[in-house]
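**Student:** Quick one: this structure, given as structure tokens, is what I'll be asking you about.
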Amino acid sequence: MSVACCVPVVECVYCLGCVRWVWKKFLYTAGRESENWGLAIASEFEPVPRFCRYIMAVYVDDIRNPISTPPGGYGIDPDWVIVKKSHEDTQGKVSPYLIYVDHQNTDIVVAIRGLNMAKDSDFLVLLDDKLGQAEFDGGYVHNGLLKAAEWVWEAESQLLRELVERYPDYTLTFAGHSLGAGVVTLLTMLTVKNREKLGLLDRKRIRCFAIAPTRCVSLNLAVRYADIINSVVLQDDFLPRTTVALEHAFKSLIWSYVHDTKS
């Protein structure tokens, strides 16, 4: 039997091996990473629905005259919405957001909305990343989300300083969903690293609620900021549990789908 006769067999085995690797890669999730974590207590989860309403309010063009509202409303007093910016205001550098002074709960809230499927700029933020591209505080972070967080910080840090000094007993809370959750995660880390620009704000006054966030920081950073950043994941939501390699695959597929739909 000649060596040439074995070549097709070797090629078939190699192809089958590649297919098996790809198949296992797509089936793998990071869900088991949290299976031994303790459950949140009621007091820890209590503010989450409120922040979800604030995030939903960002989607509304006119908060005083919304076209529709969730049961119970958005829970926002329009008179205390200090800043509300759209995609046009941010020039696509970051998703729309608002800054709200919640006097009822002694909170200064920065809320950022999730991905807008109709905005190419949101996809550009997501796709702007390569493994090991962006270093931060001794770890690695998502490059596009870091740049979006830096944009918000440069635009609003002076206002945030004025607010935390005007209301010294208020907490500074960052809240976001999906794409916005990744941005607020990195915005929180930027704030902690630059507390002197907020008048040496006490670390204990800073917190973050990331609702269904993308995986955007390395493990060492996740552990270091675990006392401040709270990730909220609904059951088996795939995106927060997806590995970095698969995130790029899903993003590419969605990007292709959006452009095919538009064309």
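The values are calculated or read from the model by the stated rules, or taken from the named source; none is laboratory data. These numbers were taken from a predicted model, which means no experiment stands behind them. The protein model used for the area step is the full one, side chains on, heavy atoms only, and it has no ligands, DNA or RNA in it. Shrake-Rupley method; radii C 1.70, N 1.55, O 1.52, S 1.80 Å.
**Student:** Which whole number in µm²/s is D for the range 102-145 by Stokes-Einstein, with the Kirkwood Rh taken over Cα pairs at 20 °C and 1.002 mPa s? Please list the in-between numbers first.
**Tutor:** On the way: Rh = 13.0 Å.
Once the numbers are plugged in, D ends up at 164 µm²/s.
**Student:** State the volume of the convex hull built on the alpha-carbon positions of the range 40-117, expressed per residue in Å³ and rounded to an integer. Walk me through the numbers before you get to the answer.
**Tutor:** Details: hull volume 9.5 nm³, N = 78.
That works out to 122 Å³ per residue.
**Student:** HN-Hα J couplings of the range 162-172 from phi, Karplus 6.51/-1.76/1.60, θ = phi - 60°, integer Hz, Gly and Pro as x?
**Tutor:** 4, 6, 5, 7, 6, 10, x, 9, 8, 8, 9
**Student:** Put one equal scatterer on each alpha carbon of the range 28-176, apply the Debye formula with no solvent term, and list log10 I(q)/I(0) at q = 0.09 1/Å to two decimals.
**Tutor:** One equal scatterer on each Cα of the range 28-176 leads to -0.35.
**Student:** Per residue, how much accessible area does the range 76-161 show when a 1.4 Å probe rolls over the protein heavy atoms, in square angstrom?
**Tutor:** On the way: 3810 Å² over 86 residues.
For the range 76-161, the solvent-accessible area averages 44 Å² per residue.
**Student:** Filter LYS93/LYS119; LYS85/LYS193; LYS85/LYS119 down to the pairs with a C-alpha to C-alpha distance above 22 Å, please.
**Tutor:** Details: LYS93/LYS119 11 Å; LYS85/LYS193 25 Å; LYS85/LYS119 15 Å.
Beyond 22 Å: LYS85/LYS193.
**Student:** Enumerate the amide H contacts of ASN230 below 5 Å, restricted to partners 5 or more residues apart or on another chain; note that Pro and chain-start residues carry no placed amide H.
**Tutor:** CYS208, PHE209, ALA210
**Student:** Something else now. Under the rule of at least 5 residues apart or a separate chain, name every residue whose amide H is placed under 5 Å from the amide H of GLY114.
**Tutor:** Amide H neighbours of GLY114: HIS177, GLY180.
**Student:** So how much slack lies between LEU159 and ASN220, counting 0.36 nm per residue of separation and subtracting their Cα-Cα distance, in nm? Could you put the intermediate results ahead of the total?
**Tutor:** Working: separation 61, 0.36 × 61 = 21.96 nm, distance 3.06 nm.
Residue separation times 0.36 nm, minus the Cα-Cα distance, leaves 18.9 nm.
**Student:** When the Cα atoms of the range 157-241 are enclosed in a convex hull and the volume is divided per residue, what value in Å³ results?
**Tutor:** Values: hull volume 7.6 nm³, N = 85.
Dividing the Cα hull volume of the range 157-241 by its residues yields 89 Å³.
**Student:** Would you mind computing the Rg to Rh ratio of the range 94-219 from its alpha-carbon coordinates, Kirkwood style for Rh? Walk me through the numbers before you get to the answer.
**Tutor:** Values: Rg = 14.2 Å, Rh = 14.7 Å.
Rg divided by Rh gives 0.97.
**Student:** How much of the accessible area of the range 172-234, in percent, comes from carbon and sulfur atoms when a 1.4 Å probe is used?
**Tutor:** Carbon plus sulfur share of accessible area: 56 percent.
**Student:** With θ taken as phi - 60° and the coefficients 6.51, -1.76 and 1.60, list the Karplus ³J(HN,Hα) couplings across the range 150-155 in order, rounded to whole Hz; mark glycine and proline as x.
**Tutor:** Listing the rounded values in order: 5, 5, 5, 4, 5, 7 Hz.
**Student:** Another one. For ASP107, list long-range residues whose amide hydrogen, built 1.01 Å from N in the peptide plane, is under 5 Å from its own amide hydrogen.
**Tutor:** ASP102, THR171
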